[in-house]
Amino acid sequence: MNDKTGEITSDVQQVVQANNQFAVDLYSKLATAVNGDLFFSPSSISLALAMTYAGARGDTAKEIAEAMHFSLPSDRLHQSLRKLQQETKTGGVEFRIANRLWGQRDYHFLSEFLQITERKYGACLAEADFVHAAEAMRIEINDWVAEQTAQRITNLVPPDSFNELTRLVLANAIYFLGSWENEFKEQATVDANFNVTPGQTHPTRMMRQSGFFQYGEFDDLQVLEMPYKSHMIEWKTVKHGDIEGQEPVEVPDGGSDFAMTIFLPRKVDGVAHIEKHLTTKIQEWMMLQPSRVSIQLPKFGMESTHFLNETLQSLGMKKPFIVDKADFSGMSDNPEGLFIGSVIHKAFVKVNEKGTEAAAATAIVMRGGSAREPEPPKEFIADHPFIFLIRDRRTQQIHFMGRVCAPTFQD
C-alpha cells in the first residue's frame with residue numbers, strides 16, 4: 001500500500017482512524033438498506049456531524065461521539081479536523097464539498113458555538129424560518145448547495161422535508177471527478193456484459209488497460225488500487241519574441257494523492273460476503289504490492305441521495321433526533337431546545353477513460369527486474385458487482401465509498 005503520511009500529527013491520525021471506522025460502519029448499514037448501486041461520502045458526513053457535535057452536551061454528545069468513534073477532547077478534535085482539511089491536497093482532482101447548518105431564527109445561538117463552526121470548519125450557521133417559510137427555506141438551501149458545487153448537485157432537499165417542528169437541518173452535498181494517472185484509451189473500450197447475478201447480465205462499456213498498479217489477491221477477492229492524477233495542468237499562452245504558443249503550467253494547491261481501491265469478489269454473487277467482513281478485514285485487504293495487471297473496469301456514474309436519520313439512529317445516535325431528549329445547549333440557550341430534523345446527503349461520481357497529458361509522464365512508477373522472465377500480468381476483470389472506495393493516501397482518509405451492481409453511464 002502506497003502510504004505517504006509524512007508529517008500527519010498523532011491527533012489527526014486518531015481523527016482519520018475514527019472517520020474511517022465510521023465510514024465502514026455507515027457503509028455496512030447502507031449496504032443492507034439500499035438495493036443495487038450505492039455511493040456516499042463518509043468524510044463529508046463526518047465533518048458536518050462534527051459541527052453539530054460542537055453544540056451537543058450530555059448524553060446527546062456522548063451518543064454522537066460513540067457513533068463517530070470520537071475519542072479526543074472537543075478542542076483537540078475540532079482543531080484536528082481543521083488540520084485534516086488543510087492537509088488534504090486537491091491539486092490533481094476536482095473535489096468539492098458543501099456542508100452547512102441551518103437553525104430556526106427564533107433561537108439565540110451561542111457565540112462559542114458560532115466561533116467553532118466558523119474558525120474550525122469555515123462554515124457559519126445560517127438563520128432559517130422553517131415555521132413560516134418551509135418551502136422558501138428548501139429553495140434557499142438547494143440554491144446554496146448548487147452554487148457551492150458548480151451546479152453539479154441540485155435539488156438536494158425534496159419537497160415536504162421541513163415542517164413547523166424543524167429546528168435544525170444538516171445538509172451535505174459532494175462532487176468528485178478524478179482523472180486517472182494512467183488513462184484508459186477510449187479506443188480500447190468495448191461493449192461487454194456485466195454479470196449482475198449468476199443468471200442475469202447487464203450491458204456495459206468495459207474499459208481496458210495493462211500496467212503496474214498496487215494489487216493484492218486473497219481467498220475471496222482481488223484488490224486493485226488505481227491512482228488519480230496528482231497534479232492539475234493548465235495550458236497557458238506564452239510569447240517568445242514574435243512567436244506565440246502554449247505551454248503546460250501546474251495549477252497551485254500541491255500534489256494530491258487520491259486513489260480508488262476496488263474490492264472484487266471472486267464469485268459473481270460474492271459482494272454480500274465481502275461486505276460482512278469489511279469491518280474486520282479492510283486493513284488486511286489494503287496491504288497491496290506493485291504488480292503488472294491487466295484491467296477490465298466498467299464505465300459508471302451514479303448519483304445517490306440518502307436520508308440518514310434512521311441510519312444514524314441505528315448506529316446509536318438516538319437522542320439528537322428526539323425533540324424532548326436532545327441536548328444542544330452548547331448551540332443555543334433557548335429553553336425550547338433544539339433537535340436534528342433532517343440529515344440529507346447527496347453524492348455524485350463519474351468514472352470513465354479520461355486522463356490528461358500530465359498523467360502520461362508518470363504512467364509507470366514501478367518496474368520489475370530485467371534479469372528474469374517477466375511474470376504474466378494479473379487478470380482483474382470487474383464484470384460483476386464490486387465495492388470501491390476513494391481515499392487520500394497521504395492522510396489515509398476515506399472520502400468516498402460505494403458499490404457497483406449494474407453500471408450505467410451517460411456522457
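The values are calculated or read from the model by the stated rules, or taken from the named source; none is laboratory data. Treat the numbers as computed from the prediction; the structure is a model and nothing was measured. As a convention, Cβ positions derive from the backbone with ideal geometry for all residues, glycine included, and neighbour counts pool all protein chains shown.
Against the condition over 22 Å from Q397 (Cβ atoms), part of a strand (DSSP E or B) and more than 18 Å from the chain's Cα centre (by Cα), how does G301 come out, does it pass? Steps first, please.
On the way: over 22 Å from Q397 (Cβ atoms): yes; part of a strand (DSSP E or B): yes; more than 18 Å from the chain's Cα centre (by Cα): no.
Spelling it out, it is not the case that G301 is over 22 Å from Q397 (Cβ atoms), part of a strand (DSSP E or B) and more than 18 Å from the chain's Cα centre (by Cα).
Right, K239: among the basic types (K, R), surrounded by fewer than 17 Cβ atoms within 10 Å (Cβ to Cβ) and either at pLDDT 95 or above or in a strand (DSSP E or B) (or both) or not? Outline the logic, then answer.
Details: among the basic types (K, R): yes; surrounded by fewer than 17 Cβ atoms within 10 Å (Cβ to Cβ): yes; either at pLDDT 95 or above or in a strand (DSSP E or B) (or both): yes.
For K239, the condition - among the basic types (K, R), surrounded by fewer than 17 Cβ atoms within 10 Å (Cβ to Cβ) and either at pLDDT 95 or above or in a strand (DSSP E or B) (or both) - is met.
Suppose we filter region 401-411 for residues that are at pLDDT 90 or above and buried (at least 21 other Cβ atoms within 10 Å of the Cβ); how many remain?
Adding up the residues that qualify gives 4.
Can you pull out every residue in region 195-209 that is in a strand (DSSP E or B) and either surrounded by 17 or more Cβ atoms within 10 Å (Cβ to Cβ) or touching a residue at least 60 places away in the same chain (Cβ under 8 Å) (or both)?
In the first step, residues of region 195-209 are kept if they are in a strand (DSSP E or B); the result is 195-197, 200-209.
Within region 195-209, N195, V196, T197, H202, T204, R205, M206, M207, R208, Q209 meet the criteria.
Out of V169, V145, V157, I need the residue that is closer than 30 Å to Y228 by Cα, in the same structural domain as S332 (by TED's automatic domain parsing), buried (at least 18 other Cβ atoms within 10 Å of the Cβ) and aliphatic (A, V, I, L, M). Which one? Please lay out each step first, then the result.
Numbers: V169 fails: closer than 30 Å to Y228 by Cα; V157 fails: closer than 30 Å to Y228 by Cα.
Among V169, V145, V157, only V145 is closer than 30 Å to Y228 by Cα, in the same structural domain as S332 (by TED's automatic domain parsing), buried (at least 18 other Cβ atoms within 10 Å of the Cβ) and aliphatic (A, V, I, L, M).
Residue pairs, Cβ under 8 Å, 6 or more apart or interchain, first in region 26-46 and farther than 28 Å from A123 by Cβ, second at pLDDT below 90 and in a helix (DSSP H, G or I). List them.
Listed pairs, sorted by first residue: S28/T279.
The conditions are (1) at pLDDT 85 or above; (2) charged (D, E, K, R); (3) assigned by TED's automatic domain parsing to the domain that holds N142, and E284 fails exactly one of them. Which is it?
Here E284 meets the rest and fails (3).
Taking region 119-132, which residues are outside any helix (DSSP H, G or I) and either out of contact with any Phe, Trp or Tyr (no Cβ under 9 Å at 6 or more places or on another chain) or surrounded by 15 or more Cβ atoms within 10 Å (Cβ to Cβ) (or both)? Break it down into steps so the answer makes sense when it comes.
The first filter runs over region 119-132 and keeps only residues outside any helix (DSSP H, G or I), leaving 122-132.
Selection gives G122, A123, C124, L125, A126, A128, D129, F130, V131, H132.
Residues that are surrounded by fewer than 23 Cβ atoms within 10 Å (Cβ to Cβ) and either of a type in the set (V, I, T) or more than 18 Å from the chain's Cα centre (by Cα) (or both): list the helices (runs of 4 or more DSSP H) wholly contained in region 14-92 that include at least 3 such residues.
Working: elements: 42-53, 58-68, 74-87.
By residue number, 58-68, 74-87.
For (1) out of contact with any Pro (no Cβ under 9 Å at 6 or more places or on another chain); (2) without any contact (Cβ under 8 Å) to a residue 40 or more places away in the chain, each residue gets a yes or a no:
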{"site": "I282", "(1), (2)": "yes, no"}
{"site": "M286", "(1), (2)": "yes, no"}
{"site": "V293", "(1), (2)": "no, no"}
{"site": "G316", "(1), (2)": "yes, no"}
{"site": "F321", "(1), (2)": "yes, yes"}
{"site": "M331", "(1), (2)": "yes, no"}
{"site": "F339", "(1), (2)": "no, no"}
{"site": "S342", "(1), (2)": "yes, no"}
{"site": "H345", "(1), (2)": "yes, no"}
